[in-house]
Amino acid sequence: MKIKTLNGISNEQLVEAFNLSFSDYFIPFHLTLEQLQSKLYADHIDLNISVGVFDNDQLVGFILHGIQTINKKKIIYNGGTGVIPTKRGHGLTTKMYEFINPILTQQHIDKVVLEVISNNIQAIKSYKRARFKKKRTLHCYKGYLNSSKCSNTLVIKELSEYNWELMQSFWDITPTWQNASHVLEKLKENNHLIGAFIDDTLVGYLVYNASSKRLQQISVSKDFRRQKVGTALINYIIERFGNTLSIINVDEHSTSTNAFLHAIGLKHFLSQLEMTLDLNTH
């Protein structure tokens, strides 16, 4: 078997390996070619710094890496690690990182970030062997939304531009990569930005993807909490798009957000660990 970057690999070969690797996953996962292409785009995947294991030209293992500069740090995101079932048990994930980490270090990458399902013990062990450390626990929700009465003083409307400076001032926690501002900015045409206003002042917002029925961000100004602002935003989603919703990777330490998601009817269905590898230790 040979380990090398994924530079030059076809999307057809990649989607075949991806689907075979995740065919027996905790939550069976299957991507069409179009869905894979969307994922590569959304996650900023760069095949030059992604890595694969090849057995007689067949891709049998891979790590997809996206790259972004955040707060003047060069961050790599692991957008997917997979090994086909017949090639597991050979430490291929560790070997792929042993191959790619020196390349990342040469490119002055500061950190690698990934998420792994919390009960995927074997994967967690593999990442720990590759020197990843747990950063935080993240909760994922899905279900059917409840609507409830809200204040008539709130005005809910869709917006065309993100005011990140203002919106980030509402945050208690930093979103994970897939819900981060740089990803949402890139996917602006696919998402709905919905704002809640009192006297023309933005007091809360959410970002919603109608095709996946996924809530990507929701936050309320600290000065206007416990005033049904979040509920009003969710009511808008129910009225406009229906009552089915999911949200992934909510920081467990955001007790108010987790409580709100339970209150509107969503159910916790799995948790993930966010793990990081610091490459620039100087």
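Each value in this text was obtained by applying a stated rule to the coordinates, not by laboratory testing. Since the model is a prediction, treat every value here as computed from it, not as a measurement. Virtual Cβ from ideal backbone geometry, glycine too; neighbours counted across all protein chains shown.
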If one takes the longest principal axis of the Cα atoms in the chain, at what angle in degrees, from 0 to 90 and to the nearest 10, does the Cα axis of helix 33-42 lie? 70
What is the sum of charges around LEU159, taking Lys and Arg as +1, Asp and Glu as -1, for the other residues whose C-beta is under 15 Å from the C-beta of LEU159? -3
In whole Hz, the Karplus estimates of ³J(HN,Hα) for the range 179-184 (6.51, -1.76, 1.60; θ = phi - 60°; x where Gly or Pro) are 10, 6, 4, 5, 6, 5
What angle do you read, to the nearest 10 degrees and between 0 and 90, between the alpha-carbon axis of helix 11-21 and the longest principal axis of the chain? 90
